[in-house]
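Participant: My questions will all concern the structure given below.
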Amino acid sequence: MQMLMTFSGDDAVFGHFGATGGYALAARRAMYEFGTGPETWKKIAMGQRKWANLNPDAMMYDKPMTAADYDNANWVVEPLRLPDNCLITDGGRAIIITSLERARDLKQSPAVIMGIGHHNPSTVIAQSEWMAGPTGAKKAGEIAFSMAGITPADVDACEIYDCFTYTVEITLQDYGFFKPGEGRDWFNGGTIEPGGRMPVNTSGGQLSEAYFMGLTPIAEGAMQIMGRCGKRQLGPETQTRSPEIILCSDNGGILQSHSSILLRRL
Amino acid sequence: MPYNKPLPKINSDNRPFWEGCREHELRFQQCKECDHVRWPPSIICPQCHSFEINWLISKGLGRVYTFAVYHTAFHPGFADDLPYTTAVVKLDEGPHLLTNIVDCQPDKIKCDMPVEVIWEDVDEMVTLPKFRPSSSV
């Protein structure tokens, strides 16, 4: 409660609390500006759940999600339902970073960092004039792609920071995978699911695997490149492209800060 | 029943705003140099870095920039209000104010809907500026 009050400041006077309340404001503005909404977010929630159902470490491993499960779920802060929210997890996850020279001698073939970008618009959500994007993902992505010398067309899969389903949509949109509002079609037909043409959050992500902040996406990106993902491994196992390049993201506050990192096979 | 919701933390920056609310006036700092109307209050203009201000009294009219409908009480003081609506109102003078929309069913609220201020007197010190659909529409 103390943390919630500190986080919300005087906005708590009006009953504005926490991350769900802030992202609900952003998501609602996005619905108004480019016509997104629960029909788009449902595809993200269900798609990620299918990946979690292949991941024995995922909190939602044995809990499939149907469209009816999503539609009938309780609102937390409308327009966000319970399955639009990430999990709460006790645990930890780590990645080890070393020089490429040292990494070449390791037993496991490493994931190599191709490009990194950061951009931090930093505006507190109630003051933001760009709640519906572009978020920090736009510039952070451009910097990372420029450093790597590639474009989004070269990416085989994405591991996107997914505090909420909407965060996945706005991040992919700002990276340029689709134009504002076209996510509704882009996510159709299992695009991000096992067997899809652009797998996203292949562990189940923070929505369906576990919430380890930015470590959930980047650790999964590294593990997929290293080929250590068992039944959810990208490639023939899941009828997806064998990953040469994976794009990972992290995001802080209510869309206030953003990091992008591109990983490739050695 | 005693008021059991959080109250604003009044400090030297925001005191004129909250004192204005007690008198049913929305008071915002306006930069003397560049005319920028700012919120929240601060000692320096975020646009031109001037320290010089006038206090502007808002007409209390604006539009819903965005809103959210709470179906969960994260604080026990709001449990009896569910579902209630938070909103960011874009005032005609410029500032974005986080507030509540009242006197309106949540499913009737839309972005860009015109709204007007309505005052909720809480105690001798605090009056909250809330908003309802504009009566002139």
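The values are calculated or read from the model by the stated rules, or taken from the named source; none is laboratory data. As the structure is a computational prediction, the values presented were derived from the model and not from experiment. Every residue, glycine among them, receives a Cβ derived from its backbone with ideal geometry; neighbour counts consider all protein chains shown.
Participant: Which residue out of B:78, B:131 is within 16 Å of residue A:11 (Cβ to Cβ), in contact with a strand residue (DSSP E or B) (Cβ under 9 Å, 6 or more places away or on another chain) and more than 9 Å from chain A (Cβ to nearest Cβ)? Even if it seems obvious, please write down each step before you answer.
Facilitator: Working: B:78 fails: more than 9 Å from chain A (Cβ to nearest Cβ).
Answer to the selection: B:131.
Participant: So which residues in the stretch B:30-67 are more than 14 Å from chain A (Cβ to nearest Cβ) and assigned to a strand (DSSP E or B), if there are any at all? So that I can check it myself, show each step before the final result.
Facilitator: Initial filter on the stretch B:30-67 (more than 14 Å from chain A (Cβ to nearest Cβ)): B:30-35, B:43-45, B:48-61.
Within the stretch B:30-67, B:30, B:31, B:53, B:54, B:55, B:56, B:57, B:58, B:61 qualify.
Participant: Picking from B:124, B:93, B:116, which residue would you name as being more than 10 Å from every other protein chain (Cβ to nearest Cβ), in a strand (DSSP E or B) and among the charged types (D, E, K, R)? Give the derivation first.
Facilitator: On the way: B:124 fails: in a strand (DSSP E or B); B:93 fails: in a strand (DSSP E or B).
Answer to the check: B:116.
Table: residues versus (1) farther than 24 Å from residue A:125 by Cα; (2) in contact with a Ser or Thr (Cβ under 9 Å, 6 or more places away or on another chain).
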residue	(1), (2)
B:13	no, yes
B:18	no, yes
B:40	no, no
B:47	no, no
B:50	yes, no
B:60	no, no
B:69	no, yes
B:74	no, yes
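Participant: A follow-up question, please. Restricting to the stretch B:90-137, and then to whatever is within 15 Å of the chain's Cα centre (by Cα) and under 18 Å from residue A:78 (Cα atoms), can you tell me which residue is surrounded by the most Cβ atoms within 10 Å (Cβ to Cβ)?
Facilitator: B:99
Participant: So which residues in the stretch A:61-80 are farther than 29 Å from residue A:16 by Cα and touching a helix residue (DSSP H, G or I) at 6+ places or on another chain (Cβ under 9 Å)?
Facilitator: Correct list: A:61, A:63, A:64, A:65, A:66, A:67.
Participant: Out of (1) without any contact (Cβ under 8 Å) to a residue 24 or more places away in the chain; (2) under 18 Å from the mean Cα position of the chain (by Cα); (3) within 11 Å of another protein chain (Cβ to nearest Cβ), the odd one out for residue B:71 is which?
Facilitator: Of (1) without any contact (Cβ under 8 Å) to a residue 24 or more places away in the chain; (2) under 18 Å from the mean Cα position of the chain (by Cα); (3) within 11 Å of another protein chain (Cβ to nearest Cβ), only one is false for residue B:71: (2).
Participant: Now for a different question. Would the stretch B:37-60 turn up any residue that is among the aromatic types (Phe, Trp, Tyr) and more than 22 Å from residue B:115 (Cβ to Cβ)?
Facilitator: Start the filter on the stretch B:37-60 by keeping residues that are among the aromatic types (Phe, Trp, Tyr), which leaves B:39, B:51, B:55.
Checking which are more than 22 Å from residue B:115 (Cβ to Cβ) leaves us with B:51, B:55.
Within the stretch B:37-60, one or more residues are among the aromatic types (Phe, Trp, Tyr) and more than 22 Å from residue B:115 (Cβ to Cβ).
Participant: Here are some residues: A:166, A:161. Which one is assigned to a helix (DSSP H, G or I) and of a type outside the set (S, T, N, Q)? Reasoning before the result, please.
Facilitator: Details: A:161 fails: assigned to a helix (DSSP H, G or I).
Matching residue, one of A:166, A:161: A:166.
Participant: Pairs under 8 Å by beta carbon, first residue among the aromatic types (Phe, Trp, Tyr) in the stretch B:38-63, partner in a loop (DSSP other than H, G, I, E, B), six or more apart or different chains?
Facilitator: As it stands, the answer is B:39/B:95; B:51/B:43; B:51/B:44; B:51/B:45, since those pairs meet every condition given.
Participant: Can you pull out every residue in the stretch B:68-78 that is touching a Lys or Arg at 6+ places or on another chain (Cβ under 7 Å) and assigned to a strand (DSSP E or B)?
Facilitator: B:68
Participant: Just checking, which of A:91, A:133 is within 21 Å of residue A:28 (Cα to Cα), in contact (Cβ under 8 Å) with a residue 60 or more places away in the chain and either in contact with a Lys or Arg (Cβ under 9 Å, 6 or more places away or on another chain) or outside any helix (DSSP H, G or I) (or both)? Let's see the steps before the verdict.
Facilitator: Numbers: A:91 fails: within 21 Å of residue A:28 (Cα to Cα).
From the options A:91, A:133, the qualifying one is A:133.
Participant: Follow-up question, since we're still on this one. Name every residue in the stretch A:180-196 that is over 30 Å from residue A:94 (Cβ atoms) and either crowded, with 24+ Cβ neighbours inside 10 Å or in contact with a Gly (Cβ under 9 Å, 6 or more places away or on another chain) (or both), in order of residue number.
Facilitator: Correct list: A:180, A:181, A:183, A:184, A:187, A:189, A:190, A:191.
Participant: Turning to a different aspect of this structure: Quick one: in the stretch A:198-244, which of the residues that are touching a Cys at 6+ places or on another chain (Cβ under 8 Å) and of a type in the set (A, V, I, L, M) is surrounded by the fewest Cβ atoms within 10 Å (Cβ to Cβ)?
Facilitator: A:198
Participant: Can you report the number of residues in the stretch A:229-266 which are in a loop (DSSP other than H, G, I, E, B), in contact (Cβ under 8 Å) with a residue 12 or more places away in the chain and farther than 20 Å from residue A:89 by Cβ?
Facilitator: Here the count works out to 11.
Participant: Follow-up question, since we're still on this one. Restricting attention to the stretch A:53-88, which residues are of a type in the set (D, E, K, R) and away from chain B (no Cβ under 14 Å)? Let's see the steps before the verdict.
Facilitator: Within the stretch A:53-88, the first condition is being of a type in the set (D, E, K, R), and the residues that meet it are A:57, A:62-63, A:69, A:71, A:78, A:81, A:84.
Passing the criteria: A:57, A:62, A:63, A:69, A:71.
Participant: Which condition breaks for residue A:17 when tested against (1) under 19 Å from residue B:68 (Cβ atoms); (2) at pLDDT 95 or above; (3) hydrophobic (A, V, I, L, M, F, W, C)?
Facilitator: (2)
Participant: Please go through the stretch B:78-137 and pick out each residue that is closer than 14 Å to residue B:5 by Cα and of a type in the set (Asp, Glu).
Facilitator: Across the stretch B:78-137, the qualifying residues are B:80, B:81, B:120, B:121, B:123.
Participant: Here is a follow-up. Take residues that are under 18 Å from the mean Cα position of the chain (by Cα) and buried (at least 19 other Cβ atoms within 10 Å of the Cβ) and tell me which of the helices (runs of 4 or more DSSP H) falling wholly in the stretch A:1-79 contain 3 or more. Break it down stepwise before answering.
Facilitator: Values: elements: A:2-8, A:18-34, A:38-52, A:67-72.
The qualifying helices (runs of 4 or more DSSP H) are A:18-34, A:38-52.
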